[in-house]
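As structure tokens, the structure follows; a few thoughts come after it.
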Amino acid sequence: MSKDDLIECLNPQQKEAILYTQGPLLVLAGAGSGKTRVIAHKYAYLTKEEKLSPDSILTVTFTNKAANEMKERISALLEKSLNSCWIGTFHSQCCRILRREIKALGYKPDFIIYDEDDRESLIRHILRELNIYEALYKGVASRISNLKAALVTPEEFLSTGDGFSFDEKLAKVYIRYQDELKRCNALDYDDLIMLTVRLFREFPEVLERYQREFRYILIDEFQDTNTAQYELIKLLAAAHRMISAVGDDDQSIYKFRGAEVKNIHKFEKDFPDVKVVKLEQNYRSTQNILNVSGSVIAKNPLRKEKRLWTERDKGEKVFFYWLQTEEDEAKYVAKNIRDVYLKGDYSYGDIAILFRINLQSRALEEALRKERIPYRIVGGTSFYERKEIKDLIAYLRLIQNPHDNVSLRRIINVPSRGIGVSTLTKIEQESKKKGISLYEAIKNICAKKSSSQSVVERLKSLLGLIDELKKRKKSSVSEILKAVLDLTGYADSLEEDRIQNIAELLASTENVRLEEFLENVSLITKLDDECSPDSVSLMTIHMAKGLEFPVVFIVGLEEGLMPYFKALKNEEDLSEERRLFYVGMTRAKDLLFLTGVKKRRVFSKLQEQEPSRFLRDIPRQYCCWIEKTPCRITTTDNGHKRLKTFKVTTPYKTGCRVRHPKWGVGVIRECYGEGDDMKVCVNFPKVGLKRLALKYAQLERL
């Protein structure tokens, strides 16, 4: 393919972005403006016209799905396969570097990668060990993840504490967590980036080698980078400054994961000679959808202005319905999906329902079932998160690395082999006392015969099982799994659907090697979920990022949901909520339906809802606006439309400790309702979760 062929199908701004190779480039790519096409064609241009080797271009994006799509597009343009090229996610690229270089940091190259479930399992164990309330594990996991995304080490975090706060306890958990990971020769997702940055900072000669290897850097979805990812690419680009960053500050919606929309502004500061190109022609949506979404996002301060336009016609007006209850809303959505489907223009797979929080799906699912409309929840339990699959993967991990404590804890008595809690406690104590892995601790106990003969025999049997399976390490994953099933009898008592899942796993791993399989399965995320071609997709707007559908419903346009109540007091959070709404609207190609209701059950309390403040920014001339119940948007004296603010004031914050006269000390999980109807959900370590009416609960704050 010649240079003219590469750029013939592109608009002037896309051509400008592809042809510029004299220095750093920032491409501000509006929603649906063809950014993937720009990256693919720029890659092809660099190899064909600038004569760069494909192996010398580092190309990073955020999901495996996006990386695979990009690789396929580039391969088609170059008319050759790109097996050894550097096209992938941040995590996969860093994993590849660390496999080569991690010895310098004191790890072994055959490290394993813990997914979110593994990480939380380890943190729960550490919380129990340190006598910290186990119910806090999700919050602790999130905090540790954000600290790593900001490149804050446990020691740095501990040094900033005051010695008395919960942060000191968090720092101790963080330190213990990292020590345990290293003992198991394991990394979590965030370590993959953090340790690569540490490697480059501490070993300049290694950084220089990769700067020479990567002569050009292409970054997709740049607005989603966190501090660690930005520092990584800045280090790699520092020498030659040949870098193109493609992103859209209007679509930055992952602050809760550490993403920094400010990185776009930092990029212009760190690369002052940067050329900026705006992609404003939209190839996805009708003009009415662009007019509505553009009017909403234009109200955000400190954004890079873009005015999206399309050569498509105006299309249908955006539909807005304000209904009485969430049941009415769900029925309306289901009825319209049925009508759209029966007209024959769209399949169920062309339709998506988007919402702010997962709790909103209940009424929608009921209505879809009544209408017999097939649907699927995107971001639910994935195949690799199912218990039977996780159990078998734990066996595979132990074959690769028997010192993996998380995997050993998972299967030590699965299926049952008579190793109870007291035996496991003894193993844990031996491990902690000697500073060794659980596997080594079991060996010590067996050698010393410090337990009863029956316990020692059971532990020896487990060691023998692991050793026997390790002999098959070079076999295909399918063959190893068959050996696991034969030697353990794992599937003997399983239900049929779980056995079918195992059969599917066996069929998909017939010619796959162990190390390759474990690395690939560890890097799969919920963002890689596929949408079904024959089912309506239900998902949060966060999950919809990067997707597009001919028909989109966005439900729950009310204060407290969109924008979410936790964002109302912070201008920066409110701006992200506006971006989130914008992302949802720009997923739609042909038809966009918006809904809200006057009464909704939120956290078990039926509440009067006010229309979302974002609705006042939507020009009515682009909408079909229908109110089944009055939708009052008040105005101020100067004529600007205003909405009442949804306020949630609660006497207890999540994570607060309380004492109950009967059940003792517990941790607040939720606090909802108002006045005499205020309720709390409390986790008591000895009795579990209890929902209590606050006026009768007799709780004492600790």
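The values are calculated or read from the model by the stated rules, or taken from the named source; none is laboratory data. Everything numeric in this text was worked out from a predicted model, so none of it was measured. Quick reminder, even Gly has a Cβ in these numbers, built from the backbone with ideal geometry, and neighbours come from all protein chains shown. Ligands, DNA and RNA are stripped out before the accessible areas are found, and what is left, the full protein with its side chains, is counted by its heavy atoms. Shrake-Rupley method; radii C 1.70, N 1.55, O 1.52, S 1.80 Å.
Numerical summary
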item	result
Computed FRET value (nearest 0.05) for Asn83 with Lys662, which takes r as the C-beta separation and R₀ as 45 Å	0.10
Lys, Arg +1 and Asp, Glu -1 on Cβ, resulting dipole of the chain about Cα centre, debye, nearest 20	1720 debye
The range 421-472, dipole about Cα centre (Lys/Arg Cβ +1, Asp/Glu Cβ -1), debye to the nearest 20	100 debye
Accessible-area composition of the chain, carbon plus sulfur, in percent [1.4 Å probe]	47 percent
Under-5 Å amide H pairs with Tyr283, H placed in peptide plane, nonlocal only	Ser33, Gly34
Cα→Cβ-extended label distance, 7 Å offset, between Ser159 and Lys433, nm	3.6 nm
Per residue, in Å², the accessible surface of the chain once ligands and nucleic acids are set aside, probe 1.4 Å	45 Å²
Nearest-0.05 FRET efficiency for Glu69 and Ile357, computed from C-beta distance (R0 25 Å)	0.30
Cα-based reach from Lys690 at 20 Å (exclusive), listing aspartates and glutamates while leaving out same-chain residues under 8 positions away	Glu134, Glu670, Glu674, Asp676, Asp677, Glu700
Span per principal axis, largest first, for the Cα atoms of the chain (Å)	82, 74, 55
Cα→Cβ-extended label distance, 7 Å offset, between Glu571 and Glu202, nm	4.1 nm
Amide proton proximity set for Val536, modelled H, under 5 Å, gap of 5+	Tyr375, Arg376
Cα lying deepest toward the dipole's positive end in the chain, options Thr595, Gly32, Ala239, charges on Cβ	Thr595
Rounded to whole Hz, the Karplus (6.51, -1.76, 1.60) HN-Hα couplings of the range 246-255, x for glycine and proline	10, x, 8, 4, 6, 10, 7, 10, 10, 4
Lys474 versus Glu134: modelled label distance in nm, points set 7 Å from Cα along the beta carbon direction	4.3 nm
Net charge dipole size for the range 112-160 [Lys, Arg +1 and Asp, Glu -1 on Cβ; Debye, nearest 20]	160 debye
Leading residue at positive end of dipole, the chain (Cβ point charges), from Phe319, Phe90, Thr227	Thr227
Solvent-accessible surface ranking, highest first, for Glu440, Glu385, Glu79 at 1.4 angstrom	Glu79, Glu385, Glu440
Largest to smallest accessible area among Tyr216, Tyr564 [probe 1.4 Å]	Tyr564, Tyr216
Kirkwood-type radius of the range 327-398, with distances r between different C-alpha atoms, in Å	14.4 Å
